[in-house]
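Each reported figure results from applying straightforward, stated rules to the coordinates on display, with no laboratory input. This one's a predicted model, so the numbers in the text were calculated from it and none came from an experiment. Virtual Cβ from ideal backbone geometry, glycine too; neighbours counted across all protein chains shown.
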Amino acid sequence: MFKILTTLLFLFFSLSQTAFARDHYCHGALGMQCGEARLGQVGFCKVILEPIPVALCGVNAGSWRHDECCAKQPANNPGMMCNGGGERSTQCQREWNTAVTRFTGGYNWLRLVNTKINDTTPETIDRPRFCGKSGAKIHQADGNTPYCCSGQSRGPGMLEALFNPNLRYCR
C-alpha cells in the first residue's frame with residue numbers, strides 16, 4: 001500500500017509543469033507551493049475565497065521536516081521529491097516517507113495560510129504559521145515538539161489509545 005501511494009504521489013509530481021522555484025510559499029504544508037490537488041500537482045491547500053490570498057492547508061510533522069530538508073539541498077542535486085523531482089535521490093527520503101505515513105495515518109492538522117508570503121528562511125519552518133493548535137493529532141514519535149504551538153502534547157483517552165497507541169494531541 002505504501003509503495004503504491006508513494007508511486008502515485010511521484011507520478012503527480014513528475015507530471016507537474018510547475019518548476020519548484022527557490023521561492024518558498026506555504027513551506028511546511030503538504031504538497032507543492034500552496035497548490036491544490038489537480039493533475040500535475042500534489043497539493044493539500046484549498047483557497048478559501050478568491051482573490052483573497054488565504055488557503056486552508058494540511059500540515060504534518062513529516063511534511064514540515066521534508067520541506068526543511070529540501071531547502072538544505074543544492075539546486076543541482078535536489079532531495080527525494082524536492083523541487084518537483086529527485087525521485088532517485090536518497091537525500092530527504094526518510095522525511096518524505098515520514099510525511100507520507102503521517103498523512104495516511106491521519107496525523108495531520110489544518111492551518112489558514114497567507115499564500116503570498118514568501119518564506120525567506122526555508123531551512124526553518126515559520127512555526128507560528130504552521131504549528132498544530134490545541135487538539136491537532138500528532139504521532140507519538142513527534143512527542144512534545146515544535147510541531148505543537150504550545151510545545152506540548154498529551155495522550156489520548158484510554159479507549160482511544162487501545163485503537164491507536166501512537167496518537168497524541170497538541171495541548
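Given a Förster distance of 35 Å, report the FRET efficiency between Asn114 and Asn164 from their Cβ-Cβ distance, rounded to the nearest 0.05. Before the final figure, lay out the partial values.
Values: r = 33 Å, r/R0 = 0.94.
The computed FRET efficiency comes out at 0.60.
When the convex hull of the Cα atoms of the stretch 100-142 is projected onto a plane and the area is averaged over all directions, what value comes out in nm²?
Working: hull surface 15.8 nm².
With every direction weighted equally, the projected area is 4.0 nm².
Under 23 Å between alpha carbons: how many lysine pairs meet that in the stretch 38-171, if sequence neighbours fewer than 8 apart on the same chain are excluded? Could you put the intermediate results ahead of the total?
Values: Lys46/Lys116; Lys46/Lys133; Lys46/Lys137; Lys72/Lys116; Lys116/Lys133.
Taking the stretch 38-171 as the scope, the lysine pair count is 5.
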